[in-house]
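To start, the structure under review is shown below, and the notes come after it.
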Amino acid sequence: MDLPNCTLGALASNSCVSYDSLDTAGTPPKKIMLTLTLSVLAVVTTVINCLVITTVIVTRKLHHPANYLICSLASTDLLVAVLVMPFSIIYIQKEIWVMGQIVCTIYLSVDITCCTCSILHLAAIAIDRYRAITDAVEYARKRTGARAAVMVAVVWGLSILISLPPLLWRHYSGDAEQDDQCIITYDHIAFTLYSTLGAFYIPLLLILILYYKIYRAAQTLYMRREASRASRYSCMTNGSTMPSSYPAGDGSPLPQSPVVPQDKSFSDPSTEDRERDRTRVAARACRRKSRRSESCRSESYRSESRRGTFGQGPRISGTRERKAASTLGMILGAFVICWLPFFVKEVIVNTCASCSISMELADFLTWLGYLNSLINPLIYTIFNEDFKKAFQRLVRCNHY
């Protein structure tokens, strides 16, 4: 991404190292290897994002608003791979801008807007996932294709608003001293703060907060499911341990009378009444004992579940929590590792007049940010079984 900075093929401040100061007689083999490596990254990024987009389009099972956001993210990353990376490779290889200022303006516009849009897409996906897990029933009704389209439109609108001021400043600054460079020169710290806060730091804070809440909500959901599972198991266990003799329409066991007359015609009426009374008393006592036994068994099961010593439920819950944590960790880790160094450099270089970095390091940090456009489609689809099966069918040309 190329915000106002001193990155090769990027917007630059006055504190940046000029390409004129570089030795253009660099070692050809190293430059060839660098060009080939960056070209391979651009091609792989293009292919992976095209694969994600095609998979969502041709697979009916993936026609879901959440996947529409992922498809839009892949489209944005595809634009970075097709319209930004090749120009940056040429700029690095030539060390000067040879394609004219009109192409330079288009290149910078696409670079800033698409990279900002890619980052904001990650924030939009985080918002969508947070709503889906914390307000599942209500949000399921609102989670439509139209709503996803509105979110995509808002993301693109914000991206244009964030990238527009630096571009307008470049257009009206009238600086004709650097015709062989494709940069923006300015002395206003406000542009740096506006661009970096809007394009990275605010979305980063939002993503961190939302994914933390998503993880906590998922943890709570797993605990509730385990409690529900424990309750169902308790009912099943109690039902299986009850005596098998039940009167019709009653859930309590049928008491066994200590004296059962062999023939009622020979029984004394008073003795029969006493037997009936004893039967009622025994039935009530048996019901109370059964309820106490059920309570004890239920409490024992809950205690064992909490200790994780009974059944597979707690272990399954732990596995799911670890998988969710690892997935969120990969998403956040890739995003932070790819973009944080670049934006830290942006703030330092453009707010400190005496600070500068080498062009090699600036190029590396820029392409580290571009690398996120390759990682995004992999992370957001590799843990989805539907996506993996759809990928396999697509590769085998076996879609129906």
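Among the residues making up segment 105-126, those that are farther than 17 Å from S72 by Cβ, surrounded by 21 or more Cβ atoms within 10 Å (Cβ to Cβ) and either hydrophobic (A, V, I, L, M, F, W, C) or touching a strand residue (DSSP E or B) at 6+ places or on another chain (Cβ under 8 Å) (or both) are L108, I112. So is A126 under 24 Å from Y380 (Cβ atoms) and modelled with pLDDT under 90 or not? In short, no.
All conditions in (1) of a type outside the set (G, A, S); (2) crowded, with 20+ Cβ neighbours inside 10 Å; (3) within 18 Å of the chain's Cα centre (by Cα) hold for T134, with the sole exception of (2).
Number of residues in segment 362-390 that are of a type in the set (A, V, I, L, M, F, W, C), surrounded by fewer than 15 Cβ atoms within 10 Å (Cβ to Cβ) and in contact with a Lys or Arg (Cβ under 9 Å, 6 or more places away or on another chain): the value is 1.
Right, C50: buried (at least 20 other Cβ atoms within 10 Å of the Cβ) and without any contact (Cβ under 8 Å) to a residue 40 or more places away in the chain or not? It is false that C50 is buried (at least 20 other Cβ atoms within 10 Å of the Cβ) and without any contact (Cβ under 8 Å) to a residue 40 or more places away in the chain. The single condition from (1) of a type in the set (S, T, Y); (2) without any contact (Cβ under 8 Å) to a residue 24 or more places away in the chain; (3) closer than 24 Å to I183 by Cβ that Y139 fails is (3).
So, T55, is that one surrounded by fewer than 19 Cβ atoms within 10 Å (Cβ to Cβ), within 30 Å of C71 (Cα to Cα) and either modelled with pLDDT under 50 or polar (S, T, N, Q) (or both) or not? So T55 fails the test.
Can you say whether K323 is outside any loop (DSSP other than H, G, I, E, B), surrounded by fewer than 16 Cβ atoms within 10 Å (Cβ to Cβ) and either at pLDDT below 85 or not hydroxyl-bearing (S, T, Y) (or both), as far as the supplied structure shows? Full working, then the answer.
Details: outside any loop (DSSP other than H, G, I, E, B): yes; surrounded by fewer than 16 Cβ atoms within 10 Å (Cβ to Cβ): yes; either at pLDDT below 85 or not hydroxyl-bearing (S, T, Y) (or both): yes.
For K323, the condition - outside any loop (DSSP other than H, G, I, E, B), surrounded by fewer than 16 Cβ atoms within 10 Å (Cβ to Cβ) and either at pLDDT below 85 or not hydroxyl-bearing (S, T, Y) (or both) - is met.
Every condition in (1) modelled with pLDDT of 55 or more; (2) surrounded by 13 or more Cβ atoms within 10 Å (Cβ to Cβ); (3) out of contact with any Cys (no Cβ under 6 Å at 6 or more places or on another chain) is met by L3 except one, and the failing one is (1).
Checking the conditions here, which among I183, I162 is buried (at least 21 other Cβ atoms within 10 Å of the Cβ), of a type in the set (A, V, I, L, M) and modelled with pLDDT under 80? Walk me through how you get there before you give the answer.
Details: I162 fails: modelled with pLDDT under 80.
One residue alone meets the criteria, I183.
Taking only segment 98-125 into account, find how many residues are under 18 Å from A153 (Cα atoms) and either aliphatic (A, V, I, L, M) or not in a helix (DSSP H, G or I) (or both). Going through segment 98-125 one residue at a time, the tally reaches 8. Selection of segment 337-360 for residues being in a helix (DSSP H, G or I) and surrounded by fewer than 15 Cβ atoms within 10 Å (Cβ to Cβ) yields I337, V344, I348, T351, E360.
Which pairs have Cβ atoms under 8 Å, sit 6 or more apart or on different chains, and link a residue in segment 116-128 that is over 14 Å from I162 (Cβ atoms) to one that is of a type in the set (V, I, T) and in a helix (DSSP H, G or I)? Sorted first by the residue in segment 116-128, then by its partner, the pairs are L122/I207; L122/I331; A124/V152; A124/V154; A124/V155; I125/I70; A126/I207; A126/I214.
Determine which member of the set R141, R129 is surrounded by 14 or more Cβ atoms within 10 Å (Cβ to Cβ), among the basic types (K, R) and part of a helix (DSSP H, G or I).
Numbers: R141 fails: surrounded by 14 or more Cβ atoms within 10 Å (Cβ to Cβ).
On inspection, the qualifying residue turns out to be R129.
One residue stands out among those in segment 26-42 that are free of Cβ contacts under 8 Å to residues at least 60 places away in the same chain and either surrounded by 13 or more Cβ atoms within 10 Å (Cβ to Cβ) or acidic (D, E) (or both): the one that is farthest from S88 (Cα to Cα), which is L34.
Being aliphatic (A, V, I, L, M) and either assigned to a loop (DSSP other than H, G, I, E, B) or under 17 Å from L368 (Cα atoms) (or both) is the filter here, so list the residues in segment 49-82 that pass it. Can you show your working first?
Filtering segment 49-82 for residues aliphatic (A, V, I, L, M) gives 51-53, 56-58, 62, 66, 69-70, 73-74, 78-82.
The answer is L78, L79, V80, A81, V82.
Is it true that some residue in segment 58-79 is surrounded by 20 or more Cβ atoms within 10 Å (Cβ to Cβ), at pLDDT 95 or above and of a type in the set (D, E)? The answer is yes, given that some residue of segment 58-79 is surrounded by 20 or more Cβ atoms within 10 Å (Cβ to Cβ), at pLDDT 95 or above and of a type in the set (D, E).
The values are calculated or read from the model by the stated rules, or taken from the named source; none is laboratory data. Since the structure is predicted, the reported quantities are computational estimates derived from the model, not experimental observations. Cβ atoms come from the backbone with ideal geometry, glycine included; neighbour counts cover every protein chain shown.
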